[in-house]
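The values are calculated or read from the model by the stated rules, or taken from the named source; none is laboratory data. On a predicted model such as this, the values are computed, not experimentally measured, just so you know. Neighbour counts are summed over all protein chains in view; Cβ atoms, including those assigned to glycine, are modelled from backbone coordinates with ideal geometry.
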Amino acid sequence: MKALKKAADERLLIEAAQKDPARFADLYEIHFERVYAYIVKRVGDRAETEDLTSEVFRHALAHLDRFDWRGVPFAAWLYRIAANLISDRWQRSGREIADDSIETAGVNSVEIEEVERRATLFRLVESLPEEQRRVVVMRFVEEKSIKEVAREIRKTEGAVKQLQFRALSNLRARMEGADA
């Protein structure tokens, strides 16, 4: 029942955005983290991920009038746009495409679930207390050592380890709650 309401709400948002492009912001807010997670998993480079994510939403807004609701989640359309843009960029740069799913622009349910989990994790990291969030970002996004983080935030290495432990425990509990 919840899924039907979610689909109906999404359809209304899409129809509103098709009539008034200013309403596209709602769709952007809902889907940004999912699309970003999908792209970052494939390209790895932060700057390129940001560029491609921006391009996906620019393309989606420009072609929103072509989107025809068929009960398939709007995110699937965005993933297809992302896959095509990644493929195009790699072909232009002369890189070999290693991922068949990008080549065919297909997105399977396992990938969608993984992207959803990453988007949830991004949201949960953003909701952590400031110090915990900062430590998580520095350790796992910026890939800094405990020593580097401690020096930068002016805390002992033990304090950084404790903040990291609390943050990861907090995230684990919230992720389990989100999966339930």
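Looking at region 44-72, which of its residues are in contact with a helix residue (DSSP H, G or I) (Cβ under 7 Å, 6 or more places away or on another chain) and closer than 19 Å to residue 118 by Cβ?
Once the filter is applied, which keeps residues that are in contact with a helix residue (DSSP H, G or I) (Cβ under 7 Å, 6 or more places away or on another chain) and closer than 19 Å to residue 118 by Cβ, region 44-72 yields 49, 52, 53, 56, 57.
Output the residues belonging to region 65-78 that are small (Gly, Ala, Ser) and either in contact with a Gly (Cβ under 9 Å, 6 or more places away or on another chain) or surrounded by fewer than 15 Cβ atoms within 10 Å (Cβ to Cβ) (or both).
If the condition is that a residue be small (Gly, Ala, Ser) and either in contact with a Gly (Cβ under 9 Å, 6 or more places away or on another chain) or surrounded by fewer than 15 Cβ atoms within 10 Å (Cβ to Cβ) (or both), then 71, 76 are the ones that fit.
Identify the residue in region 26-43 that is in contact with a helix residue (DSSP H, G or I) (Cβ under 6 Å, 6 or more places away or on another chain) and acidic (Asp, Glu) and, among all such residues, is surrounded by the most Cβ atoms within 10 Å (Cβ to Cβ).
33
Could you identify the single residue in 86, 97 that is surrounded by 15 or more Cβ atoms within 10 Å (Cβ to Cβ) and either touching a Gly at 6+ places or on another chain (Cβ under 6 Å) or modelled with pLDDT under 90 (or both)?
86
Kindly indicate whether any position in region 136-148 is surrounded by 14 or more Cβ atoms within 10 Å (Cβ to Cβ) and in contact (Cβ under 8 Å) with a residue 24 or more places away in the chain.
Yes; the residues of region 136-148 include at least one that is surrounded by 14 or more Cβ atoms within 10 Å (Cβ to Cβ) and in contact (Cβ under 8 Å) with a residue 24 or more places away in the chain.
Restricting region 31-85 to residues that are of a type in the set (S, T, N, Q) and within 13 Å of the chain's Cα centre (by Cα), which is farthest from residue 137 (Cα to Cα)?
Taking the candidates together, the pick is 54.
Scan 22, 8, 62 and give me the residue that is at pLDDT 90 or above and exposed (fewer than 12 other Cβ atoms within 10 Å of the Cβ).
From the options 22, 8, 62, the qualifying one is 62.
Residues checked against (1) aliphatic (A, V, I, L, M); (2) under 19 Å from the mean Cα position of the chain (by Cα):
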residue: 141; (1), (2): yes, yes
residue: 144; (1), (2): no, no
residue: 149; (1), (2): yes, no
residue: 154; (1), (2): no, no
residue: 157; (1), (2): no, no
residue: 160; (1), (2): yes, no
residue: 164; (1), (2): no, no
residue: 167; (1), (2): yes, no
residue: 172; (1), (2): no, yes
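Taking into account only those residues within region 157-177 that are of a type in the set (D, E, K, R) and without any contact (Cβ under 8 Å) to a residue 24 or more places away in the chain, which is farthest from residue 127 (Cα to Cα)?
Only one residue fits best here, namely 157.
Can you pull out every residue in region 41-85 that is among the β-branched types (Val, Ile, Thr) and either touching a residue at least 60 places away in the same chain (Cβ under 8 Å) or not in a helix (DSSP H, G or I) (or both)?
72
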